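Student: Have a look at this one before I ask anything.
Just so you know, all these numbers are worked out from the coordinates, no wet-lab data involved. Everything quoted here is computed from the prediction, not taken from an experiment. Cβ atoms come from the backbone with ideal geometry, glycine included; neighbour counts cover every protein chain shown.
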Amino acid sequence: MSFLNQVKKGAFADLREQVYDSIRNPNEPHLPFVLLLDTSSSMGSLAGAKTKIQLLNEAVSGLKKQMMMDEFAAARVDIAVVEFNSGAHVVCDWVPLSQFEAPHLQATGLTAMGEGGSLAIDLLKERRRFYRDMGTPSYQGHVFMITDGAPTDDTTALKQRIEEEESKGQYGKLKWFSCAVPGADEEFLSGLSKRKVAVEENDFGKLFNWIGKSLCIVSCSAVGEKVQLPDLPEGMRRIPDDW
């Protein structure tokens with residue numbers, strides 16, 4: 001009997017409330033995704049009337065409202081948020097989308113992208129183990145890394161981990177998206193992962209709208225089904241354009 005069924009039947013009563021605070025609709029497939037956000041000092045620079053970090057905070061806050069309008073995403077998506085500056089920090093641990101409260105991010109420090117990326121992958125592996133223990137089917141973990149710069153730490157191990165996780169099993173255990181906003185080192189990002197997108201201007205709302213639509217499409221598919229993500233809107237592009 002799975003751990004989930006034991007909990008349902010009254011076993012581990014002291015854990016029941018904790019478990020159901022951590023996951024909604026556990027009999028349905030779940031989609032874990034990590035927002036991996038660059039909050040280095042450069043994100044404090046002006047982009048029009050506001051700073052990049054202000055625009056990023058607004059976009060993160062709007063993501064939940066957008067995705068909760070989709071019944072599958074509302075029931076199946078779980079989210080965590082990691083920031084990286086001079087180090088890496090979990091600023092929002094795993095919660096169901098319905099419980100997500102956007103953190104208030106501040107720009108400071110360097111760009112520890114290697115450390116941040118490894119922490120994001122560790123979180124996804126932990127979450128997938130939780131699903132497995134619960135008897136809950138799951139989609140590939142998704143990471144959307146948003147940056148306006150280049151790493152100030154070593155990313156060799158991160159690149160290897162991305163390749164390893166994306167090649168595991170028949171479909172891979174991970175889909176990693178590098179998202180460049182103005183100032184990002186696009187050449188570096190092209191060597192880090194298969195999937196890269198660039199925003200021509202500091203339009204975080206446009207980027208997050210595309211991220212939300214993409215996750216909604218995945219969450220209403222069958223586990224293991226190959227899905228076609230939405231076309232990029234005007235002002236966004238793939239780097240390169242062949243994935």
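Student: If I filter region 231-241 for residues that are exposed (fewer than 13 other Cβ atoms within 10 Å of the Cβ) and within 23 Å of Met69 (Cα to Cα), do I get at least one hit?
Tutor: Checked against the condition, which is being exposed (fewer than 13 other Cβ atoms within 10 Å of the Cβ) and within 23 Å of Met69 (Cα to Cα), region 231-241 yields at least one hit.
Student: Now, a different point. What number goes with the only condition from (1) more than 15 Å from the chain's Cα centre (by Cα); (2) more than 19 Å from Arg128 (Cβ to Cβ) that Trp210 does not pass?
Tutor: It fails just one condition, (1).
Student: Any idea which of Ser178, Ser167, Ser190 is free of Cβ contacts under 8 Å to residues at least 60 places away in the same chain, closer than 19 Å to Leu123 by Cα and touching a strand residue (DSSP E or B) at 6+ places or on another chain (Cβ under 8 Å)?
Tutor: Details: Ser167 fails: touching a strand residue (DSSP E or B) at 6+ places or on another chain (Cβ under 8 Å); Ser190 fails: closer than 19 Å to Leu123 by Cα.
After applying the criteria, what remains is Ser178.
Student: In addition: Restricting to region 63-91, name every residue that is touching a strand residue (DSSP E or B) at 6+ places or on another chain (Cβ under 7 Å) and surrounded by 19 or more Cβ atoms within 10 Å (Cβ to Cβ).
Tutor: Taking region 63-91 as the starting set, the residues that turn out to be touching a strand residue (DSSP E or B) at 6+ places or on another chain (Cβ under 7 Å) are 67, 76-84, 88-91.
Passing the criteria: Met67, Arg76, Val77, Asp78, Ile79, Ala80, Val81, Val82, Glu83, Phe84, Ala88.
Student: Which residue is farthest from Phe72 (Cα to Cα), if the candidates are limited to region 98-117 and must be surrounded by fewer than 18 Cβ atoms within 10 Å (Cβ to Cβ) and hydroxyl-bearing (Ser, Thr, Tyr)?
Tutor: Among those residues, the one meeting the criterion is Thr108.
Student: Here's a follow-up. I want to confirm something. Restricting to region 18-73 and keeping residues that are touching a Phe, Trp or Tyr at 6+ places or on another chain (Cβ under 9 Å) and of a type in the set (Lys, Arg), which single residue is farthest from Thr147 (Cα to Cα)?
Tutor: Looking at residues that are touching a Phe, Trp or Tyr at 6+ places or on another chain (Cβ under 9 Å) and of a type in the set (Lys, Arg), I get Lys64.
Student: Go through (1) in a helix (DSSP H, G or I); (2) touching a residue at least 40 places away in the same chain (Cβ under 8 Å) and name the single condition Glu126 misses.
Tutor: Looking at each condition in turn, Glu126 falls short on (2).
Student: Among the residues of region 61-120, what is the count of those that are closer than 18 Å to Pro29 by Cβ, outside any helix (DSSP H, G or I) and charged (D, E, K, R)?
Tutor: Of the residues in region 61-120, 2 are closer than 18 Å to Pro29 by Cβ, outside any helix (DSSP H, G or I) and charged (D, E, K, R).
Student: Which of the residues that make up region 197-239 are touching an Asp or Glu at 6+ places or on another chain (Cβ under 9 Å) and of a type in the set (Gly, Ala, Ser)?
Tutor: The answer is Ala198, Gly205, Gly212, Ser219, Gly235.
Student: Right, next: Spot the failing condition for Asp185; the list is (1) more than 18 Å from Ile162 (Cβ to Cβ); (2) over 17 Å from the mean Cα position of the chain (by Cα), and only one is missed.
Tutor: Every condition holds for Asp185 apart from (1).
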